[in-house]
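Everything on this sheet refers to the single structure shown next.
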Amino acid sequence: MKNFFLATYLAVKEVIRNRGRFLLVALVIALITLLVLFIAALGEGLANGNRQYVANLDAQLIVFLEKSDYSISASRLETNTVKAVRRVEGVEDAGPVYTSTTEIVSLPESLKVSMLGAEAGKPGMPSIIDGRDFRGGEAREAVMDRNVALRSDLKIGDTIQIRSTQGTDDKFFDLVIVGMVDGQSYFFQPTIFVPAATWEKIRPQSEAELNSDTPYPNIIAVKLTDPAQLDVMATRLVDEVSNIEIADLATTINNIPGYSAQQGTVQTQGVFTLLIGILVIGGFFQIQILQKVPQIGVLKAIGSSNGVVGLSAVIQIIVVTALGVGIGGGLTYLFSLGFPPTIPLVFNGSRSLIAVALLLGIGPLGGMVSIIYAVRIEPLKALRLG
Amino acid sequence: MSSVALEVRDLVKSFALDGATINAVDGVSFQVNSGEFVALVGPSGSGKTTMLSILAALLTPTTGQVLIDGQDLAQMNEKKRVKLRREKIGFTFQSNNLIPYLTARENVEFMLRLNNKLDRAGRIRSDELLARLGLSDRLHNLPAQMSGGQQQRVAIARALIHNPAVVLADEPTASLDTERAFQVVETFAHLIHENDRAGIMVTHDLRMCQFVDRVLQMQDGKLVRVYESKQEILELAQGVLKH
């Protein structure tokens, strides 16, 4: 404990008396923090944009067409598969999900959205936070994601017009917004939900598809009676329902086209920024220790233990790193206030917390070499023999 | 009656150099009593700095014994040697003496902090000692804001504040002008005598010997001569005797 107080005394005195130099390093750490937190927020935002709908499903398993490699866009299930899945013991409920993209053209600036078909009240249709669910059948009603409202100022009760290319013609359809859901981005786009039959009528279609009125779901979201029985139920579903394959939500997310590659890229950027941080901090403290060799020699010669010298270096590094991360965190918050909702930055994710923890760790990690060097300095350096 | 504060018995320190063994210190024995100020002189390479490093428990001798306040350095592990340096030895060095980010007062008090003795009385004693050394108006100055002589006087205060048995000074006047050098060593000698400490000063400047009680002259690692009478020492200091 005595060593700790002595080390703290030395570390704090040095930082205070050389505050300009240490503040400069703290600012460098702050800039690295700013960069790392923005990369983390961008990663979280992009990930959300891609996976949010699937991640927030009130379901544990996803049914795909067999051999579709868990790709939602490649999977087209038979219509009776939904009923077959619902009949399997251990399935509480199941809901079909139909995916496509479209464009809201009735806005001053058209907005591309994911258009998902679902059954109200079934897995696959998120909970309504405002308004009501759409009616069934071919009702020309839609429920919008809050992100659509944020980007367009649309309100419940408004009518939107969407454009879909069917065959070789552009077709326009009117939909009344009847409700709102939250956190349902899919494939980098905000989402609107429509009834399955409506979806089939208004979705973009090829010439060959125009003659069909039957909607084929891409996937089926399955809610289990006992969510702990994931593996057992996956096996049972495959055994009892023909031509399907099963994935949990994590596998489904990782197989969303581009998701893994995109997240890998963002994470690599983050890791490299952290490595740069480690090198910068390591370099600074190493140079500082080299400049202080005679002084550390004197400290040891007059009776300071290696523990005091080493601990003092550690405390100093932690203080400067914490200051830098604090300033960087504050700057990040201030900058984030000025960003429009179209830029996918999410600061409340676990990534930001992990990034802050890692940033606090890079100081001691980067300074480790200098700490070891400081501890190994011979007190003889105080004399000319050193 | 003064007691033996430091005793060196048949001390040898050998280094291997290009396959040959060199005795930097070669069979040296002497004692220094409390209240005695001794100068260790000799030409470059005579072994005086090696000797000082061994006395400071910074180097271990090849053979022989060093006893400080009755404690044999050879019987101590590194942890005990650190404790001995902290409690029983006071230091002043040639340069880089003070901790640059502590004020004059904090530098002196740091020795008390190290020894867990920084209380109100310690603070008063620290200020009084600095006042004795003419530094009352420099208590809150950092080393960079003081002259070389002032820094050396702060170092002297730091070397004495915790009442060590032995005070070691390594070329304390090397970076000072003549006038400052005389002032510093004279003050040092006064405080050694006044506080009844044993002081050993390594110096190449024989003029500084006028303030010491005994001069130990080293050459090629050996103690070749001891000047004990005041007359001899003064003559040495004035350059009359051949060094």
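The values are calculated or read from the model by the stated rules, or taken from the named source; none is laboratory data. In this text the structure is predicted, and so the values were computed from the model without any measurement. Ideal geometry is used to build each Cβ from the backbone, glycine not excepted, and the neighbour counts take in all protein chains shown.
Couple of notes before you dig in:
- A:Phe134 satisfies every condition listed in (1) at pLDDT below 95; (2) assigned to a strand (DSSP E or B); (3) under 26 Å from A:Leu61 (Cα atoms); (4) not basic (Lys, Arg) except (2).
- Any hit, segment A:279-286, residues being within 16 Å of A:Ser370 (Cβ to Cβ) and either more than 38 Å from the chain's Cα centre (by Cα) or within 12 Å of chain B (Cβ to nearest Cβ) (or both): no
- B:Ser136 more than 14 Å from chain A (Cβ to nearest Cβ), farther than 14 Å from B:Arg158 by Cβ and touching a helix residue (DSSP H, G or I) at 6+ places or on another chain (Cβ under 9 Å): yes
- Selection status of A:Thr235, surrounded by fewer than 18 Cβ atoms within 10 Å (Cβ to Cβ) and either in a loop (DSSP other than H, G, I, E, B) or modelled with pLDDT under 90 (or both): no
- Looking across segment A:334-347, the residues that are in contact (Cβ under 8 Å) with a residue 40 or more places away in the chain and either assigned to a loop (DSSP other than H, G, I, E, B) or of a type outside the set (Phe, Trp, Tyr) (or both) come down to A:Ser336, A:Pro341, A:Thr342, A:Ile343, A:Pro344, A:Leu345, A:Val346, A:Phe347.
- Residues satisfying the stated conditions in segment A:197-214, i.e. acidic (Asp, Glu) and either part of a helix (DSSP H, G or I) or modelled with pLDDT of 95 or more (or both): A:Glu200, A:Glu207, A:Glu209
- Scanning segment A:22-34 turns up at least one residue that is within 14 Å of chain B (Cβ to nearest Cβ) and assigned to a helix (DSSP H, G or I).
- Filtering A:Val194, A:Val222, A:Val148 for residues that are in contact with a strand residue (DSSP E or B) (Cβ under 7 Å, 6 or more places away or on another chain) and part of a helix (DSSP H, G or I) leaves a single hit, A:Val148.
- Residue in segment A:170-188 that is surrounded by fewer than 23 Cβ atoms within 10 Å (Cβ to Cβ), at pLDDT below 95 and among the polar types (S, T, N, Q) present: no
- Odd one out for B:Ala174 among (1) of a type in the set (Gly, Ala, Ser); (2) in contact with a helix residue (DSSP H, G or I) (Cβ under 8 Å, 6 or more places away or on another chain); (3) in a loop (DSSP other than H, G, I, E, B): (2)
- Counting the residues of segment B:142-171 that are in a helix (DSSP H, G or I) and either touching an Asp or Glu at 6+ places or on another chain (Cβ under 7 Å) or closer than 20 Å to B:Ser126 by Cβ (or both) gives 14.
- Hits in segment A:287-304 (condition: in a helix (DSSP H, G or I) and either of a type in the set (A, V, I, L, M) or more than 14 Å from chain B (Cβ to nearest Cβ) (or both)): A:Ile287, A:Ile289, A:Leu290, A:Val293, A:Ile296, A:Val298, A:Leu299, A:Ala301
- For segment A:239-277, a tally of residues being part of a loop (DSSP other than H, G, I, E, B) and either surrounded by 13 or more Cβ atoms within 10 Å (Cβ to Cβ) or in contact with a strand residue (DSSP E or B) (Cβ under 8 Å, 6 or more places away or on another chain) (or both) returns 5.
- Residue within segment A:311-320 that is surrounded by 20 or more Cβ atoms within 10 Å (Cβ to Cβ), within 14 Å of chain B (Cβ to nearest Cβ) and either among the basic types (Lys, Arg) or not in a helix (DSSP H, G or I) (or both) present: no
Here is a yes/no grid of residues against (1) within 27 Å of A:Val308 (Cα to Cα); (2) in contact with a helix residue (DSSP H, G or I) (Cβ under 8 Å, 6 or more places away or on another chain); (3) surrounded by fewer than 17 Cβ atoms within 10 Å (Cβ to Cβ); (4) of a type in the set (D, E, K, R):
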| position | (1), (2), (3), (4) |
| --- | --- |
| B:Asp10 | no, no, yes, yes |
| B:Gly35 | no, yes, no, no |
| B:Lys48 | no, no, no, yes |
| B:Asp69 | yes, yes, no, yes |
| B:Leu84 | yes, yes, no, no |
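- Count of segment B:37-60 residues which are more than 9 Å from every other protein chain (Cβ to nearest Cβ), among the hydroxyl-bearing types (Ser, Thr, Tyr) and more than 12 Å from B:Leu11 (Cα to Cα): 2
- Flag for A:Phe172 being aromatic (Phe, Trp, Tyr), part of a strand (DSSP E or B) and within 29 Å of A:Gly90 (Cβ to Cβ): no
- Total residues in segment A:49-73 satisfying the condition of being modelled with pLDDT under 90, under 13 Å from A:Tyr259 (Cα atoms) and not in a helix (DSSP H, G or I): the figure is 0.
- Cβ separations smaller than 8 Å between residues 6+ apart or across chains give the following pairs from segment A:216-228 residues that are closer than 15 Å to A:Ser73 by Cα to residues that are small (Gly, Ala, Ser) and outside any loop (DSSP other than H, G, I, E, B): A:Pro217/A:Gly117; A:Pro217/A:Ala196; A:Ile220/A:Ala94; A:Ile220/A:Gly95; A:Ala221/A:Ala94; A:Ala221/A:Gly95.
- Lone unmet requirement of (1) over 24 Å from B:Gln231 (Cβ atoms); (2) away from every other protein chain (no Cβ under 14 Å) for B:Val185: (1)
- For B:Asn23, the requirement of being more than 20 Å from the chain's Cα centre (by Cα) and within 27 Å of A:Leu6 (Cβ to Cβ) is not met.
- Within segment A:13-53, the residues that satisfy the criterion of being of a type in the set (D, E, K, R) and either within 25 Å of A:Pro341 (Cα to Cα) or surrounded by 20 or more Cβ atoms within 10 Å (Cβ to Cβ) (or both) are A:Glu14, A:Glu44, A:Arg51.
Let's see how each residue does on (1) more than 14 Å from every other protein chain (Cβ to nearest Cβ); (2) among the small types (Gly, Ala, Ser); (3) more than 36 Å from the chain's Cα centre (by Cα):
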residue: A:Asn306; (1), (2), (3): no, no, yes
residue: A:Gly326; (1), (2), (3): yes, yes, no
residue: A:Phe335; (1), (2), (3): yes, no, no
residue: A:Val346; (1), (2), (3): yes, no, no
residue: A:Gly366; (1), (2), (3): yes, yes, no
residue: A:Ile377; (1), (2), (3): no, no, yes
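- Residue satisfying condition, being of a type in the set (Lys, Arg) and away from chain A (no Cβ under 14 Å), within set B:Arg105, B:Arg153: B:Arg153
- Residue check for A:Leu46: outside any helix (DSSP H, G or I) and away from chain B (no Cβ under 14 Å): no
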